[in-house]
Structure formats: structure tokens, C-alpha cells
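For reference, the structure is listed below as C-alpha cells.
The values are calculated or read from the model by the stated rules, or taken from the named source; none is laboratory data. Computed from a prediction, not measured in an experiment: that's the story for all the values here. All Cβ positions, glycine included, derive from the backbone under ideal geometry; neighbour counts span all protein chains shown.
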Amino acid sequence: MPLTDVQKDIIKASIPVLKTSGVELTTRFYAHLLENHPDVRPFFNKAHQITKSQPKILAFALVAYAKNIDDLTPLLPFVHKIVVKHIGLQVQARHYDAVGTSLLHTLHAFLGGDAVATPEFMGAWKVAYYDLANILIEAEKSGYEKQQAEANSWAGFRDFQVSQIVDECKDVKSVYFKPVGGNPKLVQPLPGQYVCARWTINGAETSREYSLSLPDVAENTSHFRISCRRDTNNGVVSNFIHSELKVGDVVKITPPCGDFVYQKPVEKTGLSLFVGGIGITPALSIIKTALADDSTKDVRLFYSNSDAECRAFADQLHAVAEAHPNFKLIEFVSAGNAKESDSVNHTVHNRRLAETDFDFVTNALDYYVLGPQSYMKFVTAAIGAKGVTAEIRTESFTVTSA
């Protein structure tokens, strides 16, 4: 049911309180939701509640929604991000009722009950919420149908068994998974896609997304591989993977998803990838596909790490640089303890990536950026400062932001 003009005015009149008290409101909302609806808990990372990063993003989204309630067109890119995120996590239509119930309950209580949150006020927000929810539900339904139509795909989570665990470098392990029962063949991922794994830790389920890290990801149909860096700041899942996960354990995994994927640079001279730390995982398949796709296109990887011992897949990347004259590997090691390279296609800088490293940037290249939030913010700003107007492809496994 579309909002009436009167209801739209009520939503817009909410903007001041959302601006001043939105984070407090959304913090209370998440507390109510997670306490009263245990079936949605696996979708949420507790760390994002502790840092308030998720409440902050939702508060921003509520303000943006209220501001654009007359015409949601400016919000469509943000809505697309949410849809992609929800498909990755396997959010279902039924979960929207739990969210709506908690949001409306919290809004009513936060404003002090009926005196301010009148039936008319709450009615407007109920319609506004479910209008947006229905947009998301329909878009996600279409996405799920497309996902499940792929050969050898499946719906929701499927059981996989850990078949191998490999130490890649300091604090990075790769985990190989094979499907349990049913069709032994797997859907063919696009280079750069990820899967969502649902872990059971201390009796509680929790979900995390991981880029598929096999270089030949698009050719492989028998197993998946993810690579995980240990989060030394008490990361629950990463420490479980590094300390407790064993070969033979069973984990639930979704079909591949995400739109941070390789796109052939038809009208460009090549592509450049800027990667920080474990962000290297999707870059492996993108690089291999790009080099196999067109040997005349230049491919550059700017790979930043904090320490020489933390460079996951460095040897494999060096071998790729030796084998492909159109591939350049440029490494940055901020600790300053890496050996120099004697290869013409491989350069090692014992320093951080700097603005002067972007002098080559033009609109003639495609750009892929993946890494920590601060790293991606720096790189995208540096590329944009060179006048690049085309889309810079990025992906984040933190809470969705605009």
C-alpha cells in the first residue's frame, strides 16, 4: 500500500529526531531484535554491534529514506547493495516481519509511547517500512531465482565437509570444502565471487562471507577454497578456523554470489587491482581470468601488507609475474622487512602505498579495490583525484554502507 501525502509528511517530519538520536534508536532496535528473534541472530556480527557500526549505518539509512520518501531513485544504488548483501546471507522474506516488528516497537517506545508516537505516526512508519521491505523482497526473490537457475546450484545453505586446511603464511589459512551428498559437482562461480559460510561455535550459529580464493575458480567444479586471516582482536570465527576447525568438520555454505567480478576491459587498455592484506583472495581468480582472456591487456596488482611474513600467495603471484610479461606485481610492505625482487615484472617497496604511486592512473584502465575500509577509502580517493570518472569496483564484507 503506497504512502499517502499526509503519511509522507509524517515521515519527513521525523528527520530531525532521526538525525539527532538515530544511533541511539537503532542501537536499541538491534538489542530488541536479537533478544526477541533468535532466528535472525546468525545474520549479524556481534562486533558490529559493539562498535556501533551497524546501528550507525541503519541510522544513516533511515534519514536517507525519510529525505527521499517522495522519490526513492537516489537510493537505488544503496538498495542494490543491500539486496546483494541479503542474497549472500540468504535473508528470506519471513525475516522482514521480525525486523519490522522490532523496529516499530522500538520507535514507539523510544518516542515515549502514544503521546508522540500516535497511531497516525506509527501507521505511516509501518507503511513506509513495508513498502521498502517489499521492494527488497521482490528484488531478492529475483536474485535467488537467478542464482538457483545456474547449473549445479542449490537453494539456501548446503552441507560441505572440510577436506584440507593449508597454512598460506603467518596468520592466513586456506580451507578446502567438498559437498556432502547429492550432486558432487558445484556451480561455476564467476571470478571474484564469494560464498557465505554458517558456522556453529559454542552452540550458536553465525555467518561470515569469504571470497573464493582458488585462482582457477571458474574452472573448478569439485570443491571450494576460502582463505582466512586470523583476527587478533578477538575475532570469534577467524580464531575458531585457525585454532579449532578440523578436516572432516561439516559447514553450511551458500551458492557463490556477489557482483565484485571480473569484467573484460573491452574499451580499456587494461586493469589495475589495488589490494590490501587478505583482500587478495578474489584478486587471484580475476588476475588469472584477465591474463587468459587477452594477453594484450596490461594487468597490474598493487599489493599492500603490513609485514613480509603476512604476504599470502606472494610466491604464486611472483610466478605469475614471471610467466606473463603483461602482468606487473608491485608490492608494498609497511614494516620495511621484505627482500627486493630482481624480476622486471615484480617490484617490492618497503613502505606504504602513497599518493605518488597513482601517477599512472587514467580513464583508460579499469580499477578493482579490495581491503580494509581505511585502505579502500584512501585508494578510491587517490584514483578519483586523478579524474577517473568510471566506476571503481569495490567490495566490503562489513556492514553495508552507501
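Could you identify the single residue in Ile165, Ile87 that is in contact with a helix residue (DSSP H, G or I) (Cβ under 7 Å, 6 or more places away or on another chain) and closer than 30 Å to Leu214 by Cα? Answer to the check: Ile87. Summed over the stretch 241-258, residues that are of a type outside the set (Lys, Arg) and part of a strand (DSSP E or B) total 4. Within the stretch 301-308, is there a residue that is in contact with an Asp or Glu (Cβ under 9 Å, 6 or more places away or on another chain), crowded, with 20+ Cβ neighbours inside 10 Å, aliphatic (A, V, I, L, M) and assigned to a loop (DSSP other than H, G, I, E, B)? No: the stretch 301-308 contains no residue that is in contact with an Asp or Glu (Cβ under 9 Å, 6 or more places away or on another chain), crowded, with 20+ Cβ neighbours inside 10 Å, aliphatic (A, V, I, L, M) and assigned to a loop (DSSP other than H, G, I, E, B). With the requirement that a residue be surrounded by 13 or more Cβ atoms within 10 Å (Cβ to Cβ) and either closer than 18 Å to Thr296 by Cα or not assigned by TED's automatic domain parsing to the domain that holds Ser304 (or both), what does the stretch 318-356 give you? Val320, Ala321, Glu322, His324, Asn326, Phe327, Lys328, Leu329, Asn345 - these are the residues of the stretch 318-356 that are surrounded by 13 or more Cβ atoms within 10 Å (Cβ to Cβ) and either closer than 18 Å to Thr296 by Cα or not assigned by TED's automatic domain parsing to the domain that holds Ser304 (or both).
Of everything in the stretch 73-108 that is of a type in the set (A, V, I, L, M) and closer than 21 Å to Thr254 by Cα, the residue that is surrounded by the fewest Cβ atoms within 10 Å (Cβ to Cβ) is Ala93. Residue count for the stretch 193-236 under the criterion of being over 24 Å from Ala155 (Cβ atoms) and out of contact with any His (no Cβ under 8 Å at 6 or more places or on another chain): the result is 15. Output the residues belonging to the stretch 174-215 that are charged (D, E, K, R) and either modelled with pLDDT of 95 or more or touching a helix residue (DSSP H, G or I) at 6+ places or on another chain (Cβ under 6 Å) (or both). Correct list: Lys178, Arg198, Glu205, Arg208, Glu209.
For the stretch 28-56, the set of residues classified as out of contact with any His (no Cβ under 8 Å at 6 or more places or on another chain), surrounded by 18 or more Cβ atoms within 10 Å (Cβ to Cβ) and at pLDDT below 95 consists of Pro42, Asn45, Pro55, listed by residue number.
Residue-by-condition table, conditions (1) touching a residue at least 60 places away in the same chain (Cβ under 8 Å); (2) surrounded by 14 or more Cβ atoms within 10 Å (Cβ to Cβ); (3) touching a Pro at 6+ places or on another chain (Cβ under 6 Å):
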| residue | (1), (2), (3) |
| --- | --- |
| Ala128 | yes, yes, no |
| Asp131 | yes, yes, no |
| Glu138 | no, no, no |
| Gly143 | yes, yes, no |
| Gln147 | yes, yes, yes |
| Gln161 | yes, yes, no |
| Ser174 | no, yes, no |
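Yes/no per residue for (1) of a type in the set (D, E, K, R); (2) at pLDDT below 95; (3) assigned by TED's automatic domain parsing to the domain that holds Lys377; (4) out of contact with any strand residue (DSSP E or B) (no Cβ under 7 Å at 6 or more places or on another chain):
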| site | (1), (2), (3), (4) |
| --- | --- |
| Ile280 | no, no, yes, no |
| Ala283 | no, no, yes, no |
| Asp293 | yes, yes, yes, yes |
| Val299 | no, no, yes, no |
| Ser304 | no, no, yes, no |
| Cys310 | no, yes, yes, no |
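Look at the stretch 230-258: where a residue is buried (at least 20 other Cβ atoms within 10 Å of the Cβ) and a partner is small (Gly, Ala, Ser) and part of a strand (DSSP E or B), sitting 6+ places away or on another chain with Cβ atoms under 7 Å, you get Val251/Ala197; Ile253/Ala197. On the given criteria, is Leu317 at pLDDT 95 or above and more than 26 Å from Gly88 (Cβ to Cβ)? Yes: the conditions hold for Leu317. Leu370 meets each of the listed conditions (1) of a type outside the set (Val, Ile, Thr); (2) in contact with a helix residue (DSSP H, G or I) (Cβ under 8 Å, 6 or more places away or on another chain); (3) over 28 Å from Gly88 (Cα atoms) apart from (3).
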